[in-house]
Amino acid sequence: MKRSFTFIFATLLLFTTCFIGCKTAKKAFKRGDYDESVLRAADKLRDSPSSSSAADILKQAYPLALQQNLDDVARYQNSPEAFHLEPVVNAYERLNRLYDALRKCPACERLVTVRSFMPEERDAREKAASERYEAGMVSMRNKENRQMARQAYEHFEKTNALLGGFRNVQSMLDESYEYASFKVVVEQVLVTSRAYQLSNEYFQNKVNEFLQTNKRLNKFVRFYSPQEASTIRLKPDHVVKLEFDDFVVGQTLIASNTDVVTSKDSVKVGETTVNGKKIAVYNKVTAKLTRTRKSVLSSGLLDMQIMDFRNKSVVTQEKFRGDYTWNCEWANFNGDERALTSDQKRLCNVRELNPPPPQQLFIEFSKPIYDRLTSKIRDYYKNY
């Protein structure tokens, strides 16, 4: 019985998959996407070689896909436009994708005559890559102009995408990027304090992590640490200076308030004798509750200056503020404990705690500063 159920389930699954696949192939055919129609039909015929609907779609779609792509080849082959061979490469690539898909489907090869265009694609790639490479070399004649160097880099990128390892394209990518990139050195974060010997290690490490993760914040902006810049004797475009120029760590405020609280319900407060019998006496009870809240405030101000390295002028300057408040609350009471709510009782069991050390407070208020700083750097350099 179990085997029968498994067989029926597998059959239904296969039927459903085939039905959905054939429907999808048919939809693609109707909208004129013959490549997609062929690929969908081939998928179904690999799973279900006897599918008549997939076979009918394939027999109609493949000749049309073939003709559509060959028409694209003919249209662009002799075009006077620059880089006209790249759409030719794309057309041959699509044709060979169809060839690969149909070669993996024995049922498909019995229905249509499959044709490969690998030699044509290789030839077109070689010519298209050569055209892009030469355009990059022309732009490199004016590589001192950053915009021309960027054009060259993009040409070499296209070259490498068309034909990886073409000539010395990798070294040309590296060289053009050096001229194309906008170089920014981010100096170490300074902390000046007479009252505290505070370490900015946490904040500095977070900044370094950001720079390492975003070495190329956009395609052509490159960040360097002072050590990296010194090692390669870099002459940057910008220098980012960061300094905590004002901060307060551990400003303590203590506030207390006392209230008389009354129990919500009446409780037993004693006994009395009535007609010789002891009877419980109920009433609401009160307590004097004193709540104390200690707040330790810490805040800081980071100054960011972005300077033009060549003329030493300040390009932009901004200050980022961060705040952190540590709180501790406790309570005590005089009177009847039954007057207290469960939350008030819990608070009475809390004891006064010591605040974190100044170093930890410094770290805490610097966290929102880091978020604001890195967001600003992203926004500032995204269009450079």
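The values are calculated or read from the model by the stated rules, or taken from the named source; none is laboratory data. Since we're looking at a predicted model, the values are computed, not measured. Glycine also receives a Cβ, built like all others from the backbone with ideal geometry; neighbour counts cover every protein chain displayed. We work out accessible area using only protein heavy atoms, side chains counted, and drop any ligands, DNA or RNA first. Shrake-Rupley method; radii C 1.70, N 1.55, O 1.52, S 1.80 Å.
Any idea which of Phe156, Phe223, Phe182 is out of contact with any strand residue (DSSP E or B) (no Cβ under 7 Å at 6 or more places or on another chain) and hydrophobic (A, V, I, L, M, F, W, C)?
Phe156
Looking at Val296, Val281, Val285, Val248, which is the one that is open to solvent by less than 70 Å² (accessible area, probe 1.4 Å) and touching a residue at least 60 places away in the same chain (Cβ under 8 Å)?
Unique residue meeting the criteria: Val296.
Can you run down the residue pairs with Cβ atoms below 6 Å, 6 or more apart or on separate chains, where the first is in the range 155-167 and without any contact (Cβ under 8 Å) to a residue 60 or more places away in the chain and the partner is open to solvent by less than 50 Å² (accessible area, probe 1.4 Å) and assigned to a loop (DSSP other than H, G, I, E, B)?
Going by the 6 Å Cβ cut-off, the qualifying pairs are Thr159/Phe166.
Within the range 218-231, which residues are farther than 18 Å from Gln188 by Cβ and not aromatic (Phe, Trp, Tyr)?
Asn218, Lys219, Val221, Arg222
Looking only at the range 102-109, decide whether some residue is over 35 Å from the mean Cα position of the chain (by Cα), open to solvent by less than 20 Å² (accessible area, probe 1.4 Å), modelled with pLDDT of 95 or more and under 30 Å from Ser130 (Cβ atoms).
There is no residue in the range 102-109 that is over 35 Å from the mean Cα position of the chain (by Cα), open to solvent by less than 20 Å² (accessible area, probe 1.4 Å), modelled with pLDDT of 95 or more and under 30 Å from Ser130 (Cβ atoms).
Does Leu234 satisfy the condition of being in a strand (DSSP E or B) and in contact (Cβ under 8 Å) with a residue 24 or more places away in the chain?
No.
What residue, among those in the range 51-78 that are open to solvent by 50 Å² or more (accessible area, probe 1.4 Å) and in contact (Cβ under 8 Å) with a residue 40 or more places away in the chain, is farthest from Arg115 (Cα to Cα)?
Going through the qualifying residues, I end up with Lys59.
Can you run down the residue pairs with Cβ atoms below 6 Å, 6 or more apart or on separate chains, where the first is in the range 253-272 and more than 24 Å from Thr325 (Cβ to Cβ) and in a strand (DSSP E or B) and the partner is open to solvent by 80 Å² or more (accessible area, probe 1.4 Å) and of a type in the set (D, E, K, R)?
Val260/Lys288; Thr262/Lys284; Val267/Arg338; Glu271/Lys278
Quick one: which residue in Glu36, Glu81 is open to solvent by 70 Å² or more (accessible area, probe 1.4 Å) and charged (D, E, K, R)?
Sole residue among the options that is open to solvent by 70 Å² or more (accessible area, probe 1.4 Å) and charged (D, E, K, R): Glu81.
What's the total number of residues in the range 343-375 that are open to solvent by 90 Å² or more (accessible area, probe 1.4 Å) and either of a type in the set (Ser, Thr, Tyr) or not in a helix (DSSP H, G or I) (or both)?
5
So is Val315 hydrophobic (A, V, I, L, M, F, W, C), surrounded by 12 or more Cβ atoms within 10 Å (Cβ to Cβ) and part of a loop (DSSP other than H, G, I, E, B) or not?
Against the criterion (hydrophobic (A, V, I, L, M, F, W, C), surrounded by 12 or more Cβ atoms within 10 Å (Cβ to Cβ) and part of a loop (DSSP other than H, G, I, E, B)), Val315 does not qualify.
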